[in-house]
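Structure first, commentary second.
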Amino acid sequence: MTTEAVFQRCIHPHCGATLGVDETAFACPRCGGLLDVAYDWARLTPPKSLRDFEAKWSQRTDPLSFSGVWRFRELLPFASPEQILTIGEGQTILQQADIVAGYVGVQPGKLFLQYEGQNPSGSFKDNGMTAAFTHARMVGARRAACASTGNTSASLAVFCSATGLMRAIIFIGSGKISYGKLAQALDHGALTVQIAGDFDDAMQRVQQVSRRLGIYLVNSINPFRLEGQKTVMYRVLEALRWEAPDWIVVPGGNLGNVSAFGKAFIELAELGLLKRLPRLAVINAAGADTFFKLFGQANLRWEGGKPAKQTIEEYYRHLDAEKIRASTIASAIEINRPVNLPKALRALDRCGGVVREASDQDILDAKAKVGAGGLGCEPASAASVAGARKLRQEGIIAPNDRVVCILTGHALKDPTATVAYHTTDQKTFEEVLGTRGVRRATYANRAVQVPNDLDEIIKAIEVYS
Ligand SMILES: *Cc1c(COP(=O)(O)O)cnc(C)c1O
Ligand SMILES: [Zn+2]
């Protein structure tokens, strides 16, 4: 047993192995399970009231109070202030979105979008990266690596280049990585290793390579990353004056976000800081729906820390036997072996969670509605809105429930999908979207084609506006 106030602990209560805060293996040495960053709150100084955080707004010239992650540092107290590395992440907004509320089917004023595309690298990953990066420096790392569908690598590249403190090594699959994200990795000088395989292959390889070469791993298997991602929920609560909404709806890829959100709420409840917890809804893409299949159909549950391993292994054997590969336009969640699966089960157990899947058609239609409603997101993010709509249609979400959908990444991450959806050019639509079962651009905003002639241009504008 460790005697420190901050330590790492196996998530499985029947194992309960603990490790020091400076370990970097990120797997339980006893059972191989996932680890949590754990706190002995009695020996720390947690906040007495969540409202106290509002005072931080008056200290915005202090970088730690400015950061949307570290102004909540009493709730993730694994680093001392002088160890923290911040680039101003987490300056994000919760926006009421009535056009999207209409689409989802809840009353005006009841639907909110948490816009994580506002982060320095354009996705929520920066919330976690600042925490992992801080831990990497605490343990003296010189190189940091990740496998990525694009946004983790963009975030790592930005943190490495902005601080000059570490070399970024990025593993990507040979399939789709959107140009916006690849551009970031290259532009920010990351060593980019493209593997002939998909994301799940790259994920396995990066773990092997990091172990062999002693490179610090920043994938969401890293429990310090999830500490940073807890703060997305603190900001949502803050924007709602510390009253939990009825629902948090989030896209599910590696399931790091939902795991972090669950941990945030479990801890706030433990500390007596939040009376009523929101329900969590995780939305898979239909082409990458392991969590939906296991939770929704095979009835896999947390079971007090003993989820049925056999059910999971059987399902993965089935994927291998049938050569099923993840495939969706929502490339950020194109993942069939989510590394945080057990943590996600725990989160859903404690927060009355549900899992749904959304087709690429529904995801792109929802994305167009989000765009028309004022905020631009990438396809994966819109899965949250598509999923909320489905849950509303099923009657699981009520018309007067307060719903927060997490927009995980910025629209400019993947302009290809957006342009293909709105394009007048049927060939482009077919090439980019047709192979994924997208048949119609329900809310397309097509460009108007006109001859280069003043009268014709004026006529077109009069007709269409
Ligand atoms: C990483 C990512 C996701 C998936 O999040 P997980 O925590 O892996 O479930 C969803 N959307 C975007 C834009 C992402 O970058
Ligand atoms: Zn263990």
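The values are calculated or read from the model by the stated rules, or taken from the named source; none is laboratory data. Values in this document were obtained by computation on a predicted structure and should not be read as measured data. Glycine also receives a Cβ, built like all others from the backbone with ideal geometry; neighbour counts cover every protein chain displayed. Accessible surface is based on the protein model in full, side chains and every heavy atom, while ligands, DNA and RNA are left aside. Shrake-Rupley method; radii C 1.70, N 1.55, O 1.52, S 1.80 Å.
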Of the residues that sit in segment 354-370 and are in a helix (DSSP H, G or I) and under 21 Å from Lys293 (Cα atoms), which one is farthest from the chain's Cα centre (by Cα)? Gln361
Which members of segment 409-463 meet the condition of being open to solvent by 100 Å² or more (accessible area, probe 1.4 Å), assigned to a helix (DSSP H, G or I), of a type outside the set (S, T, N, Q) and closer than 27 Å to Thr149 by Cα? Leu412, Lys427, Glu431
Could you tell me whether Phe72 is within 16 Å of ligand 1 (Cβ to nearest atom), within 22 Å of Ala136 (Cβ to Cβ) and surrounded by 14 or more Cβ atoms within 10 Å (Cβ to Cβ)? no
Looking at Ala168, Ala183, Ala136, Ala144, which one is buried (at least 19 other Cβ atoms within 10 Å of the Cβ), in a helix (DSSP H, G or I) and either under 19 Å from the mean Cα position of the chain (by Cα) or of a type outside the set (Ser, Thr, Tyr) (or both)? Ala136
Within the group Leu34, Leu19, Leu50, which residue is away from ligand 1 (no atom under 16 Å from the Cβ) and under 19 Å from Ser259 (Cβ atoms)? Leu19
Count, please, the residues in segment 383-407 that happen to be open to solvent by less than 10 Å² (accessible area, probe 1.4 Å) and in a loop (DSSP other than H, G, I, E, B). 1
Taking segment 1-53 and keeping only residues that are of a type in the set (D, E, K, R) and open to solvent by 60 Å² or more (accessible area, probe 1.4 Å), one is left with Glu4, Arg9, Asp22, Glu23, Arg30, Arg43, Lys48, Arg51, Asp52
Residues of segment 23-66 being free of Cβ contacts under 8 Å to residues at least 40 places away in the same chain, part of a loop (DSSP other than H, G, I, E, B) and away from ligand 2 (no atom under 16 Å from the Cβ), in sequence order, are Asp40, Leu44, Thr45, Lys48, Arg60, Thr61, Asp62
Write out, first by first residue and then by second, each pair whose Cβ atoms fall under 6 Å of each other, whose residues are 6+ apart or on separate chains, and whose first residue, in segment 79-92, is within 26 Å of Leu407 (Cβ to Cβ) while the second is at pLDDT 95 or above and among the acidic types (Asp, Glu). Glu89/Asp126; Thr92/Glu116
Residues located in segment 371-381, provided they are touching a strand residue (DSSP E or B) at 6+ places or on another chain (Cβ under 8 Å) and assigned to a helix (DSSP H, G or I): Gly371, Ala380, Ser381
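For (1) free of Cβ contacts under 8 Å to residues at least 40 places away in the same chain; (2) touching a Ser or Thr at 6+ places or on another chain (Cβ under 8 Å); (3) within 27 Å of Pro120 (Cβ to Cβ), each residue gets a yes or a no:
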position	(1), (2), (3)
Gly374	no, no, yes
Ala382	no, no, yes
Val385	no, no, yes
Arg392	no, no, no
Arg402	no, no, no
Lys427	yes, no, no
Glu431	yes, no, no
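One line per residue, one yes/no per condition, for (1) closer than 22 Å to His14 by Cβ; (2) among the small types (Gly, Ala, Ser); (3) open to solvent by 20 Å² or more (accessible area, probe 1.4 Å):
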| residue | (1), (2), (3) |
| --- | --- |
| Leu280 | no, no, no |
| Ile283 | no, no, no |
| Gly305 | yes, yes, no |
| Ala308 | yes, yes, yes |
| Ser327 | no, yes, yes |
| Ala358 | no, yes, no |
Step by step: first the residues of segment 241-254, then only those that are away from ligand 1 (no atom under 16 Å from the Cβ) and farther than 15 Å from Ser49 by Cα, then the one that is surrounded by the most Cβ atoms within 10 Å (Cβ to Cβ). Which residue is that? Trp247
Return the only residue of Gly214, Gly189 being modelled with pLDDT under 95, of a type outside the set (Ser, Thr, Tyr) and open to solvent by 40 Å² or more (accessible area, probe 1.4 Å). Gly214
I need every pair where a residue in segment 4-21 that is in a loop (DSSP other than H, G, I, E, B) has its Cβ under 8 Å from the Cβ of a residue that is basic (Lys, Arg) and within 16 Å of ligand 1 (Cβ to nearest atom), sequence separation at least 6 or different chains. Ile11/Lys343; Ile11/Arg346
Could you tell me whether any residue of segment 197-206 is on the phi < 0 side of the Ramachandran plot, in contact (Cβ under 8 Å) with a residue 24 or more places away in the chain and assigned to a strand (DSSP E or B)? no
Based on what the data block shows, is Ala288 of a type in the set (Gly, Ala, Ser) and surrounded by fewer than 19 Cβ atoms within 10 Å (Cβ to Cβ)? no
Per-region count, segment 150-165, residues of a type in the set (A, V, I, L, M) and within 16 Å of ligand 1 (Cβ to nearest atom): 4
Looking at this structure, is Glu89 charged (D, E, K, R), at pLDDT 95 or above and open to solvent by less than 60 Å² (accessible area, probe 1.4 Å)? yes
